[in-house]
Amino acid sequence: MTQALLVINSGSSSVKFATYDVVRPGSALARIANGRIEGIGSHPRLQVWGQGNEPLEDRRISVSNDPLLGPQEAFAALFDWLGRHAAGRTLGAVGHRVVHGGEKFARPVRVTPDILAQLDGFTPLAPMHQAHNLSAIRAIASLYPDLPQVACFDTEFHATQPWVAQACALPRQITEAGVKRYGFHGLSYEYIASVLPDHLRAVANGRVVVAHLGNGASLCAMQGRRSVASSMGFTALDGLMMGSRCGSLDPGVVLYLMSGLGMSVPAVEKLLYEQSGLLGVSGISGDMRVVEASEAPEARQAIDLYVYRIAQHLGSLAASLGGLQALVFTAGIGENSASLRRRVCGDAAWLGVALDEAANQAGGSGARCISTAGSRVAVWVIPTNEELMIAQHTQAVLQGRGAHDWRSGGL
Ligand code: AMP
(Lines give C-alpha, C1' and ligand atoms only; values in the text may rest on other atoms or scores of the structure.)
Protein backbone atom coordinates (compact mmCIF):
# COMPACT_ATOMS: atom_id res chain seq x y z
CA MET A 1 0.00 0.00 0.00
CA THR A 2 1.34 3.46 -0.90
CA GLN A 3 2.15 5.83 1.91
CA ALA A 4 1.37 9.53 1.77
CA LEU A 5 2.64 12.55 3.71
CA LEU A 6 0.64 15.62 4.62
CA VAL A 7 2.38 19.00 4.85
CA ILE A 8 0.78 21.80 6.89
CA ASN A 9 1.62 25.52 6.90
CA SER A 10 -0.72 26.96 9.50
CA GLY A 11 -1.46 30.68 9.95
CA SER A 12 -3.81 32.70 12.16
CA SER A 13 -7.02 31.99 10.25
CA SER A 14 -5.86 29.91 7.32
CA VAL A 15 -3.99 26.68 6.67
CA LYS A 16 -2.16 25.76 3.48
CA PHE A 17 -1.56 22.06 2.91
CA ALA A 18 -0.15 19.62 0.39
CA THR A 19 -0.06 15.84 0.14
CA TYR A 20 2.75 13.74 -1.31
CA ASP A 21 3.07 10.14 -2.42
CA VAL A 22 6.04 8.29 -0.99
CA VAL A 23 6.40 5.92 -3.91
CA ARG A 24 9.18 3.96 -2.23
CA PRO A 25 11.66 4.89 0.47
CA GLY A 26 14.48 6.91 -1.02
CA SER A 27 12.63 7.86 -4.19
CA ALA A 28 11.41 11.34 -5.15
CA LEU A 29 8.24 12.64 -3.55
CA ALA A 30 5.36 13.28 -5.94
CA ARG A 31 2.75 15.86 -5.01
CA ILE A 32 -0.79 14.49 -5.06
CA ALA A 33 -2.83 17.56 -4.16
CA ASN A 34 -2.61 20.90 -2.44
CA GLY A 35 -5.13 23.25 -0.92
CA ARG A 36 -6.09 25.64 1.80
CA ILE A 37 -8.65 26.21 4.51
CA GLU A 38 -9.52 29.87 5.03
CA GLY A 39 -11.81 31.46 7.61
CA ILE A 40 -10.80 29.29 10.60
CA GLY A 41 -12.49 30.73 13.69
CA SER A 42 -15.47 31.92 11.65
CA HIS A 43 -16.80 30.14 8.54
CA PRO A 44 -14.04 27.90 7.17
CA ARG A 45 -13.86 27.09 3.47
CA LEU A 46 -11.94 24.07 2.14
CA GLN A 47 -10.37 24.27 -1.32
CA VAL A 48 -8.29 21.50 -2.92
CA TRP A 49 -6.49 21.33 -6.25
CA GLY A 50 -5.06 18.22 -7.96
CA GLN A 51 -1.68 17.46 -9.54
CA GLY A 52 -2.40 19.58 -12.60
CA ASN A 53 -3.94 22.38 -10.49
CA GLU A 54 -7.45 21.28 -11.44
CA PRO A 55 -10.04 22.13 -8.71
CA LEU A 56 -11.08 19.06 -6.71
CA GLU A 57 -13.06 20.64 -3.86
CA ASP A 58 -14.45 24.03 -2.87
CA ARG A 59 -16.96 24.06 -0.03
CA ARG A 60 -17.83 25.59 3.30
CA ILE A 61 -17.12 23.38 6.30
CA SER A 62 -20.17 22.99 8.51
CA VAL A 63 -20.67 20.89 11.63
CA SER A 64 -24.15 20.75 13.21
CA ASN A 65 -25.50 24.28 13.63
CA ASP A 66 -22.30 25.86 14.92
CA PRO A 67 -21.15 28.46 12.39
CA LEU A 68 -17.89 29.35 14.21
CA LEU A 69 -15.40 26.55 13.75
CA GLY A 70 -11.85 26.40 15.12
CA PRO A 71 -8.71 24.52 14.03
CA GLN A 72 -9.89 21.15 15.36
CA GLU A 73 -13.09 21.13 13.28
CA ALA A 74 -11.16 22.47 10.27
CA PHE A 75 -8.57 19.66 10.50
CA ALA A 76 -11.33 17.07 11.07
CA ALA A 77 -12.92 18.22 7.79
CA LEU A 78 -9.54 18.07 6.01
CA PHE A 79 -8.81 14.53 7.28
CA ASP A 80 -12.33 13.47 6.32
CA TRP A 81 -11.69 14.73 2.76
CA LEU A 82 -8.27 13.05 2.64
CA GLY A 83 -9.76 9.76 3.88
CA ARG A 84 -12.43 9.81 1.19
CA HIS A 85 -9.83 10.50 -1.52
CA ALA A 86 -7.08 8.23 -0.20
CA ALA A 87 -7.27 5.85 -3.18
CA GLY A 88 -5.60 3.06 -1.21
CA ARG A 89 -2.95 5.24 0.42
CA THR A 90 -2.24 5.40 4.15
CA LEU A 91 -1.13 8.62 5.82
CA GLY A 92 2.35 8.05 7.24
CA ALA A 93 3.00 11.40 8.91
CA VAL A 94 2.30 15.10 9.00
CA GLY A 95 5.09 17.65 8.50
CA HIS A 96 4.67 21.19 9.79
CA ARG A 97 6.31 24.53 9.15
CA VAL A 98 7.23 25.90 12.58
CA VAL A 99 8.59 29.41 12.42
CA HIS A 100 10.91 29.51 15.43
CA GLY A 101 13.15 26.71 16.65
CA GLY A 102 15.27 28.96 18.87
CA GLU A 103 18.84 27.91 19.58
CA LYS A 104 17.86 24.42 20.60
CA PHE A 105 16.18 23.08 17.44
CA ALA A 106 18.62 23.25 14.56
CA ARG A 107 17.19 20.20 12.75
CA PRO A 108 13.64 18.92 12.04
CA VAL A 109 12.26 16.80 14.89
CA ARG A 110 9.44 14.40 15.56
CA VAL A 111 7.13 16.24 17.94
CA THR A 112 6.52 14.90 21.44
CA PRO A 113 4.53 16.59 24.22
CA ASP A 114 7.84 17.69 25.78
CA ILE A 115 9.10 19.23 22.52
CA LEU A 116 5.76 20.96 22.02
CA ALA A 117 6.09 22.54 25.47
CA GLN A 118 9.61 23.76 24.61
CA LEU A 119 8.39 25.23 21.30
CA ASP A 120 5.66 27.10 23.21
CA GLY A 121 8.50 29.04 24.82
CA PHE A 122 9.32 30.71 21.45
CA THR A 123 5.80 32.06 20.92
CA PRO A 124 6.68 35.60 22.12
CA LEU A 125 9.47 35.66 19.49
CA ALA A 126 7.03 34.98 16.65
CA PRO A 127 3.63 36.12 17.88
CA MET A 128 2.03 36.13 14.41
CA HIS A 129 3.03 32.55 13.62
CA GLN A 130 4.31 30.23 16.35
CA ALA A 131 1.09 29.77 18.34
CA HIS A 132 -0.84 28.94 15.14
CA ASN A 133 1.83 26.50 13.98
CA LEU A 134 1.66 24.72 17.34
CA SER A 135 -2.12 24.75 17.61
CA ALA A 136 -2.26 22.85 14.30
CA ILE A 137 0.03 20.18 15.79
CA ARG A 138 -2.16 19.99 18.92
CA ALA A 139 -5.40 19.82 16.93
CA ILE A 140 -4.08 16.92 14.82
CA ALA A 141 -2.63 15.15 17.89
CA SER A 142 -6.00 15.24 19.60
CA LEU A 143 -7.68 13.75 16.52
CA TYR A 144 -4.96 11.15 15.76
CA PRO A 145 -2.68 10.70 18.79
CA ASP A 146 -0.56 8.00 17.10
CA LEU A 147 0.08 9.83 13.83
CA PRO A 148 3.74 10.97 13.72
CA GLN A 149 4.16 14.73 13.37
CA VAL A 150 7.42 16.44 12.41
CA ALA A 151 8.32 20.08 13.02
CA CYS A 152 10.52 21.80 10.40
CA PHE A 153 11.94 25.18 11.36
CA ASP A 154 12.23 28.44 9.43
CA THR A 155 15.24 29.39 11.53
CA GLU A 156 17.23 26.24 10.74
CA PHE A 157 18.81 27.21 7.40
CA HIS A 158 20.54 30.20 9.01
CA ALA A 159 22.40 28.20 11.63
CA THR A 160 25.46 28.29 9.33
CA GLN A 161 25.87 32.07 9.64
CA PRO A 162 29.11 33.33 11.17
CA TRP A 163 29.05 34.72 14.70
CA VAL A 164 29.17 38.36 13.53
CA ALA A 165 26.03 37.90 11.42
CA GLN A 166 24.14 36.38 14.35
CA ALA A 167 25.31 38.56 17.22
CA CYS A 168 23.54 41.61 18.60
CA ALA A 169 25.83 44.25 20.10
CA LEU A 170 24.35 43.66 23.55
CA PRO A 171 25.96 42.56 26.82
CA ARG A 172 27.19 38.96 26.82
CA GLN A 173 24.61 37.69 29.29
CA ILE A 174 21.77 38.86 27.01
CA THR A 175 23.31 37.11 23.99
CA GLU A 176 23.87 33.99 26.07
CA ALA A 177 20.17 34.05 27.01
CA GLY A 178 19.42 33.48 23.29
CA VAL A 179 18.94 37.08 22.12
CA LYS A 180 20.61 36.84 18.72
CA ARG A 181 19.75 37.10 15.05
CA TYR A 182 18.13 33.83 13.92
CA GLY A 183 16.78 34.69 10.45
CA PHE A 184 13.58 33.24 8.96
CA HIS A 185 12.02 31.95 5.69
CA GLY A 186 14.64 29.21 5.99
CA LEU A 187 12.54 26.49 4.35
CA SER A 188 12.08 28.71 1.30
CA TYR A 189 15.80 29.55 1.14
CA GLU A 190 16.72 25.92 1.61
CA TYR A 191 14.56 24.94 -1.36
CA ILE A 192 16.05 27.71 -3.55
CA ALA A 193 19.57 26.67 -2.50
CA SER A 194 18.77 23.07 -3.47
CA VAL A 195 17.80 24.04 -7.05
CA LEU A 196 20.35 26.83 -7.65
CA PRO A 197 22.84 24.55 -9.51
CA ASP A 198 20.08 23.56 -11.99
CA HIS A 199 19.80 27.19 -13.06
CA LEU A 200 22.92 29.15 -12.13
CA ARG A 201 25.48 26.39 -12.80
CA ALA A 202 28.89 27.37 -11.33
CA VAL A 203 27.56 30.69 -9.97
CA ALA A 204 25.23 28.70 -7.65
CA ASN A 205 28.08 28.27 -5.18
CA GLY A 206 29.17 31.90 -5.47
CA ARG A 207 27.86 35.09 -3.85
CA VAL A 208 24.07 34.97 -4.15
CA VAL A 209 21.30 37.03 -2.56
CA VAL A 210 17.80 35.52 -2.53
CA ALA A 211 14.87 37.90 -2.06
CA HIS A 212 11.87 36.14 -0.52
CA LEU A 213 9.18 38.79 -1.10
CA GLY A 214 5.77 37.60 0.08
CA ASN A 215 3.49 38.80 2.88
CA GLY A 216 6.55 38.36 5.04
CA ALA A 217 9.74 39.45 3.29
CA SER A 218 13.46 39.00 3.80
CA LEU A 219 16.77 38.71 1.99
CA CYS A 220 19.30 35.93 2.50
CA ALA A 221 22.96 36.15 1.50
CA MET A 222 24.36 32.75 0.50
CA GLN A 223 27.85 31.57 -0.27
CA GLY A 224 28.42 27.92 -1.13
CA ARG A 225 24.58 27.69 -0.93
CA ARG A 226 24.72 28.27 2.82
CA SER A 227 23.27 31.24 4.65
CA VAL A 228 25.89 33.78 5.68
CA ALA A 229 23.56 36.71 6.54
CA SER A 230 19.88 37.60 6.56
CA SER A 231 17.86 40.82 6.76
CA MET A 232 15.65 39.22 9.44
CA GLY A 233 16.92 38.92 12.98
CA PHE A 234 15.75 37.88 16.43
CA THR A 235 12.12 38.01 15.30
CA ALA A 236 10.42 38.12 11.89
CA LEU A 237 9.95 41.89 12.31
CA ASP A 238 13.44 43.03 11.33
CA GLY A 239 14.77 43.96 7.92
CA LEU A 240 12.57 44.69 4.92
CA MET A 241 9.24 46.47 5.06
CA MET A 242 6.48 43.83 4.74
CA GLY A 243 2.73 43.54 4.16
CA SER A 244 1.85 44.68 7.69
CA ARG A 245 5.22 44.49 9.51
CA CYS A 246 7.48 47.52 9.85
CA GLY A 247 10.90 45.97 9.18
CA SER A 248 14.03 47.64 10.60
CA LEU A 249 13.20 50.28 13.19
CA ASP A 250 15.25 52.35 15.59
CA PRO A 251 14.73 50.54 18.93
CA GLY A 252 14.33 54.01 20.45
CA VAL A 253 10.97 54.23 18.65
CA VAL A 254 9.71 51.27 20.67
CA LEU A 255 10.86 52.90 23.91
CA TYR A 256 9.16 56.17 22.91
CA LEU A 257 5.89 54.42 21.95
CA MET A 258 5.78 52.94 25.44
CA SER A 259 7.21 55.63 27.69
CA GLY A 260 6.32 58.71 25.61
CA LEU A 261 2.95 57.68 24.13
CA GLY A 262 1.96 55.30 26.92
CA MET A 263 1.28 52.34 24.64
CA SER A 264 1.07 48.89 26.22
CA VAL A 265 3.23 45.95 25.11
CA PRO A 266 0.30 44.24 23.30
CA ALA A 267 -0.59 47.53 21.56
CA VAL A 268 3.01 48.02 20.36
CA GLU A 269 3.15 44.39 19.24
CA LYS A 270 -0.05 44.85 17.22
CA LEU A 271 1.23 48.10 15.72
CA LEU A 272 4.56 46.66 14.59
CA TYR A 273 3.30 43.27 13.35
CA GLU A 274 -0.18 43.98 12.04
CA GLN A 275 -0.68 47.68 11.32
CA SER A 276 2.61 48.80 9.75
CA GLY A 277 4.42 48.01 6.48
CA LEU A 278 2.53 48.43 3.20
CA LEU A 279 -0.74 48.54 5.12
CA GLY A 280 0.32 51.24 7.55
CA VAL A 281 2.12 53.46 5.04
CA SER A 282 -0.48 53.22 2.25
CA GLY A 283 -3.46 53.24 4.62
CA ILE A 284 -5.09 51.03 1.97
CA SER A 285 -3.90 47.43 2.13
CA GLY A 286 -1.02 45.13 3.04
CA ASP A 287 -1.60 43.22 -0.21
CA MET A 288 0.87 44.29 -2.91
CA ARG A 289 -1.61 43.69 -5.74
CA VAL A 290 -4.07 46.13 -4.17
CA VAL A 291 -1.38 48.72 -3.40
CA GLU A 292 0.08 48.48 -6.93
CA ALA A 293 -3.39 48.97 -8.43
CA SER A 294 -4.07 52.13 -6.40
CA GLU A 295 -3.53 55.65 -7.78
CA ALA A 296 -3.38 57.16 -4.27
CA PRO A 297 -0.14 59.08 -3.47
CA GLU A 298 0.14 57.14 -0.19
CA ALA A 299 0.15 53.87 -2.15
CA ARG A 300 2.96 55.20 -4.38
CA GLN A 301 4.93 56.25 -1.31
CA ALA A 302 4.41 52.83 0.28
CA ILE A 303 5.94 51.15 -2.79
CA ASP A 304 8.76 53.74 -2.90
CA LEU A 305 9.64 52.91 0.70
CA TYR A 306 9.29 49.16 0.08
CA VAL A 307 11.76 49.36 -2.84
CA TYR A 308 14.13 51.70 -0.97
CA ARG A 309 14.38 49.28 1.93
CA ILE A 310 15.14 46.36 -0.40
CA ALA A 311 17.86 48.44 -2.09
CA GLN A 312 19.41 49.32 1.29
CA HIS A 313 19.40 45.76 2.62
CA LEU A 314 20.63 44.35 -0.70
CA GLY A 315 23.65 46.67 -0.42
CA SER A 316 24.17 45.52 3.16
CA LEU A 317 24.08 41.82 2.23
CA ALA A 318 26.33 42.38 -0.79
CA ALA A 319 28.80 43.90 1.69
CA SER A 320 28.50 40.79 3.92
CA LEU A 321 29.33 38.67 0.87
CA GLY A 322 32.07 40.96 -0.42
CA GLY A 323 30.32 41.20 -3.81
CA LEU A 324 27.32 39.90 -5.71
CA GLN A 325 27.15 37.35 -8.54
CA ALA A 326 23.45 36.50 -8.59
CA LEU A 327 20.14 37.87 -7.35
CA VAL A 328 17.10 35.58 -7.11
CA PHE A 329 13.48 36.72 -6.65
CA THR A 330 10.95 34.37 -5.06
CA ALA A 331 7.56 34.19 -3.20
CA GLY A 332 4.29 35.96 -4.12
CA ILE A 333 5.64 39.44 -4.93
CA GLY A 334 9.10 38.32 -6.09
CA GLU A 335 7.64 35.75 -8.50
CA ASN A 336 4.75 37.84 -9.82
CA SER A 337 5.42 41.58 -9.74
CA ALA A 338 7.49 42.55 -12.80
CA SER A 339 7.24 46.25 -11.88
CA LEU A 340 8.66 45.66 -8.39
CA ARG A 341 11.53 43.60 -9.85
CA ARG A 342 12.24 46.34 -12.42
CA ARG A 343 12.52 48.97 -9.69
CA VAL A 344 14.68 46.83 -7.40
CA CYS A 345 17.01 45.95 -10.28
CA GLY A 346 17.20 49.63 -11.32
CA ASP A 347 18.36 50.58 -7.83
CA ALA A 348 20.89 47.73 -7.90
CA ALA A 349 22.55 48.87 -11.15
CA TRP A 350 25.58 50.05 -9.13
CA LEU A 351 26.13 46.41 -8.10
CA GLY A 352 26.32 45.34 -11.76
CA VAL A 353 22.67 44.34 -12.24
CA ALA A 354 21.34 44.82 -15.80
CA LEU A 355 17.74 43.74 -16.27
CA ASP A 356 16.39 42.34 -19.55
CA GLU A 357 13.02 44.10 -19.40
CA ALA A 358 11.42 41.88 -22.05
CA ALA A 359 12.38 38.75 -20.10
CA ASN A 360 11.22 40.40 -16.88
CA GLN A 361 7.79 41.14 -18.37
CA ALA A 362 7.48 37.79 -20.17
CA GLY A 363 5.97 36.02 -17.17
CA GLY A 364 5.63 32.25 -16.97
CA SER A 365 5.43 30.01 -13.96
CA GLY A 366 8.84 28.33 -13.92
CA ALA A 367 12.38 29.46 -13.14
CA ARG A 368 13.65 32.07 -15.59
CA CYS A 369 16.65 34.35 -16.10
CA ILE A 370 15.68 38.01 -16.40
CA SER A 371 19.10 39.70 -16.71
CA THR A 372 20.82 40.68 -19.95
CA ALA A 373 23.58 38.49 -21.39
CA GLY A 374 26.13 41.14 -20.37
CA SER A 375 24.88 41.66 -16.80
CA ARG A 376 27.64 41.20 -14.21
CA VAL A 377 24.99 39.87 -11.83
CA ALA A 378 22.71 37.04 -13.02
CA VAL A 379 19.11 37.81 -12.06
CA TRP A 380 16.61 34.97 -11.77
CA VAL A 381 13.00 34.37 -10.77
CA ILE A 382 12.73 30.96 -9.11
CA PRO A 383 9.38 29.83 -7.64
CA THR A 384 9.81 28.62 -4.08
CA ASN A 385 8.51 25.30 -2.72
CA GLU A 386 8.57 25.24 1.08
CA GLU A 387 6.08 22.36 1.14
CA LEU A 388 8.41 20.02 -0.76
CA MET A 389 11.22 20.85 1.66
CA ILE A 390 8.97 20.01 4.65
CA ALA A 391 7.85 16.76 2.99
CA GLN A 392 11.47 15.72 2.36
CA HIS A 393 12.49 16.48 5.94
CA THR A 394 9.45 14.64 7.30
CA GLN A 395 10.22 11.55 5.25
CA ALA A 396 13.85 11.61 6.37
CA VAL A 397 12.96 11.97 10.08
CA LEU A 398 10.47 9.10 9.80
CA GLN A 399 13.02 6.86 8.15
CA GLY A 400 15.41 7.61 10.98
CA ARG A 401 17.87 9.34 8.67
CA GLY A 402 17.85 12.52 10.71
CA ALA A 403 17.04 15.55 8.63
CA HIS A 404 17.09 15.45 4.86
CA ASP A 405 20.30 17.00 3.61
CA TRP A 406 19.93 17.99 -0.05
CA ARG A 407 23.64 18.71 -0.30
CA SER A 408 24.40 14.99 -0.03
CA GLY A 409 22.05 13.96 -2.83
CA GLY A 410 19.53 11.91 -0.88
CA LEU A 411 15.92 11.76 -1.94
P1 AMP B 1 2.99 35.01 -0.34
O2 AMP B 1 3.08 35.38 1.10
O3 AMP B 1 4.25 34.42 -0.90
O4 AMP B 1 1.77 34.19 -0.69
O5 AMP B 1 2.82 36.40 -1.14
C6 AMP B 1 1.70 37.23 -0.94
C7 AMP B 1 1.97 38.57 -1.59
O8 AMP B 1 2.22 38.40 -2.99
C9 AMP B 1 0.81 39.56 -1.46
O10 AMP B 1 1.26 40.84 -1.13
C11 AMP B 1 0.26 39.56 -2.88
O12 AMP B 1 -0.40 40.78 -3.21
C13 AMP B 1 1.52 39.40 -3.68
N14 AMP B 1 1.24 39.04 -5.05
C15 AMP B 1 0.73 37.88 -5.53
N16 AMP B 1 0.54 37.95 -6.87
C17 AMP B 1 0.96 39.19 -7.25
C18 AMP B 1 1.03 39.90 -8.50
N19 AMP B 1 0.64 39.31 -9.63
N20 AMP B 1 1.51 41.16 -8.51
C21 AMP B 1 1.91 41.76 -7.36
N22 AMP B 1 1.88 41.15 -6.15
C23 AMP B 1 1.40 39.89 -6.10
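The values are calculated or read from the model by the stated rules, or taken from the named source; none is laboratory data. Quantities reported herein were computed from a predicted structural model and do not represent experimental measurements. FYI the Cβ positions are ideal-geometry reconstructions off the backbone, even for glycines, and counts take in every protein chain you see. The area values use the complete protein model at the heavy-atom level, side chains included, leaving out ligands, DNA and RNA. Shrake-Rupley method; radii C 1.70, N 1.55, O 1.52, S 1.80 Å.
Summed over the residues of region 329-384 and divided among them, the accessible surface reaches 42 Å² per residue at a probe radius of 1.4 Å.
For L240, nonlocal amide neighbours, meaning residues 5 or more places apart or on other chains whose placed amide H falls under 5 Å from its own, are L219, S248.
Using alpha-carbon pairs under 8 Å, 6+ residues apart, how would you state the relative contact order of region 209-366 in percent? Walk me through the intermediate numbers first.
Numbers: 240 pairs, mean separation 39.1, N = 158.
25 percent.
Note that region 256-272 has calculated 3J(HN,Hα) couplings of 5, 4, 7, 8, x, 9, x, 7, 7, 4, x, 5, 5, 4, 5, 4, 6 Hz, one per residue in order, obtained from phi through the Karplus relation 6.51 cos²θ - 1.76 cosθ + 1.60 (θ = phi - 60°); glycine and proline are x.
Express as a percent, rounded to the nearest 5, the fraction of DSSP beta bridges in the chain (both residues included) that run antiparallel. Walk me through the intermediate numbers first.
Values: 45 of 66 bridges.
Bridges in the chain are about 70 percent antiparallel.
By the Stokes-Einstein formula, at 1.306 mPa s and 10 °C, the chain with its Kirkwood radius over alpha-carbon pairs has D equal to 72 µm²/s. Remark: spin-label model distance R172-F234 equals 1.9 nm, labels positioned 7 Å along the Cα→Cβ axis. Helical content alone sets the calculated 222 nm signal of the chain at -10500 deg cm²/dmol, taking -39,500 (n - 2.57) per DSSP H segment of four or more residues and averaging over every residue.
What number comes out for the charge environment of L91, summing +1 per Lys or Arg and -1 per Asp or Glu over other residues with Cβ under 12 Å away?
Around L91, the charge tally is -1.
Derived scalar couplings between HN and Hα for region 120-125 equal 4, x, 8, 4, x, 7 Hz in order, rounded to whole Hz, by the Karplus curve 6.51 cos²θ - 1.76 cosθ + 1.60 (θ = phi - 60°), x for Gly and Pro.
Quick one: compute the contact order of region 189-286, relative version, from alpha carbon pairs under 8 angstrom and 6+ residues apart, as a percent. Mind showing how you got there, number by number?
On the way: 145 pairs, mean separation 18.7, N = 98.
Result for region 189-286 is 19 percent.
In the chain, Cα pairs under 8 Å separated by at least six residues give a relative contact order of 14 percent.
Taking every DSSP beta bridge with both residues inside region 31-150, roughly what % is antiparallel (nearest 5)? Provide the component values of the computation, followed by the final result.
Numbers: 13 of 15 bridges.
DSSP beta bridges in region 31-150 are roughly 85 percent antiparallel.
Over the chain, with every protein chain in place, what whole percent of the accessible area is carbon and sulfur at 1.4 Å, could you tell me?
Numbers: 9430 of 17760 Å².
On the chain, the fraction of accessible area on carbon and sulfur atoms equals 53 percent.
Put simply, the Cα atoms of region 163-275 extend 54, 33, 18 Å along their principal axes, the longest span coming first. Comparing Cα centroids, region 139-158 and region 184-258 end up 24 angstrom apart.
Using the Karplus relation 6.51 cos²θ - 1.76 cosθ + 1.60 with θ = phi - 60°, the per-residue 3J(HN,Hα) values for region 277-286 come to x, 4, 4, x, 6, 7, x, 10, 6, x Hz, with x marking Gly and Pro.
Between amide H atoms placed 1.01 Å from N, distances below 5 Å from W49 occur with N34, G35, L56, all of them 5 or more places distant or on a separate chain.
Note down the net charge around L351, summing +1 for each Lys or Arg and -1 for each Asp or Glu among other residues with Cβ under 15 Å from its Cβ.
Details: positive: R207, R341, R343, R376; negative: D347.
Net local charge, L351 excluded: +3.
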